[in-house]
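The values are calculated or read from the model by the stated rules, or taken from the named source; none is laboratory data. Bear in mind that the values here come from a model prediction, so they are computed numbers and not experimental data. In this analysis, Cβ positions are derived from the backbone assuming ideal geometry, glycine residues included, and neighbour counts consider all displayed protein chains. Note: accessible area is taken over every heavy atom of the protein model, side chains too, but ligands, DNA and RNA are not part of it. Shrake-Rupley method; radii C 1.70, N 1.55, O 1.52, S 1.80 Å.
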Amino acid sequence: MRKTIIGCLLGLLSVSCFAQSTISDDDLRKLFIITGASAISTNKHYGGVVLFKSFFDLYGNACSFKRFYPTTTIFVDQEGGSVARITAANTPSPTQAQGMTQDEFYKRAAESAKVMKDYCVDANLGPFVEASKYTSRSYSQDTEQVIKTASTFSKAMQSQGVVTVLKHFPAWNENCQSQRQLDSLNLTLRPHSEVLTCSLPDSEKERFEEKTKVFLAVPSDAIMISNNVIPELSPYPGTMNPKLRDMLRNDLGYKKVLISDALWEIQASPNAVLRALKTVDWVMVGEAEDAEKAIPAIQKAIADGTFTEAEIKEKLALIDEFKSKTQSK
């Protein structure tokens, strides 16, 4: 006992010198969304798992996975067109949607959602609600048209029990250049990363605000934060920019769960995870190993007051609320 006290006074011990956290490591695993390949090789239960086309090509569906991991939320990217993980779901692309009536689009999207549900998918990382000139993923440059079509998509998914995640807040992808390095921030980028740097001049701030409000107008149960860097807001990628959390929570009044874009586009080190958790509630990492490495760092942050238990419990409550929507369908 005496040695422990002396060690604490000398700063030689860390977590053990503080009051024991009531947040368990299993609780912290709920804060992570990982990829399917790494989830299969572990008996640990994470909050969510993202499954890609290769998984469905190999296993057919996710129902066996769901039986082993019933509390893990299964996500896919099924926006349609080039972003589709389940071939049989046949979701209309944004370009195809522009040539359909809303009723036609709803019917096709609902048919797609039914297949997804039959494949034991809980949630779709879509629709893409950015008003953009890039028609391969955007429904329109006009925000009102985006709201109309994305709402049709989201409602069709929800009608079959698939909950939706809007992406990517804050929807600013104008005046952009590919981001090749973040060395000055002690962060690395994956080669061929999709991270962009998008400037926001004063003359375009009204348009920026207009695009952020789309996220409140489309029904969904979560919002994904972009990895893009907006230098006028922060030198960090959006998923590590607490100003975006403040914008959603305080300025726009959004109260549901916030999810990071793929942290593996940047890096999923413990420090990167901690920074992301200042912005989002649910962190998407590439491997189960990334989560396991971050968990001791989160526990230490709770112990030293960088995070409070109340903050972590709030995140867990929002994740549980999201999960309840998938279970009630």
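Structure values in brief
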{"quantity": "Highest-MSF residue in the chain out of LEU51, LEU185, LEU248 [GNM, Cα springs under 10 Å]", "calculated": "LEU185"}
{"quantity": "Where region 176-329 is the region considered: accessible area per residue in Å², 1.4 Å probe", "calculated": "45"}
{"quantity": "For region 82-172: accessible area per residue (Å², 1.4 Å)", "calculated": "38"}
{"quantity": "The chain, relative contact order in percent, only Cα pairs under 8 angstrom and at least six apart counted", "calculated": "17"}
{"quantity": "Prolate/oblate/rounded label for region 161-270 (Cα gyration tensor, a/c 1.5)", "calculated": "oblate"}
{"quantity": "log10 of Debye I(q)/I(0), alpha-carbon scatterers only, for region 86-224 at 0.20, 0.22 Å⁻¹", "calculated": "-1.16, -1.28"}
{"quantity": "Acute angle (nearest 10 degrees) that the helix 309-327 long axis makes with the longest principal axis of the chain, alpha-carbon atoms", "calculated": "30"}
{"quantity": "C-alpha long axis of helix 288-304 to longest principal axis of the chain, angle in °", "calculated": "50"}
{"quantity": "Top of ASN241, ASN61, ASN186 by mean-square fluctuation, Gaussian network on the chain, Cα under 10 Å", "calculated": "ASN186"}
{"quantity": "Percent antiparallel among DSSP beta bridges (both partners in the chain, rounded to 5)", "calculated": "20"}
{"quantity": "Region 59-166: chymotrypsin sites (Phe, Trp or Tyr not before Pro) in DSSP coil with no more than 15 other Cβ atoms inside 10 Å", "calculated": "TYR134"}
{"quantity": "Expected-Rg normalisation [2.2 N^0.38 Å, Cα atoms] applied to region 109-170", "calculated": "1.12"}
{"quantity": "Helix axis angle, 205-217 relative to the chain longest principal axis, alpha carbon, degrees", "calculated": "90"}
{"quantity": "Structure-based [θ]222 nm, the chain - -39500 (n - 2.57) summed over DSSP H runs of at least 4, per residue, nearest 500", "calculated": "-12000 deg cm²/dmol"}
{"quantity": "Carbon + sulfur, % of accessible area of the chain - ligands and nucleic acids excluded, 1.4 Å", "calculated": "51"}
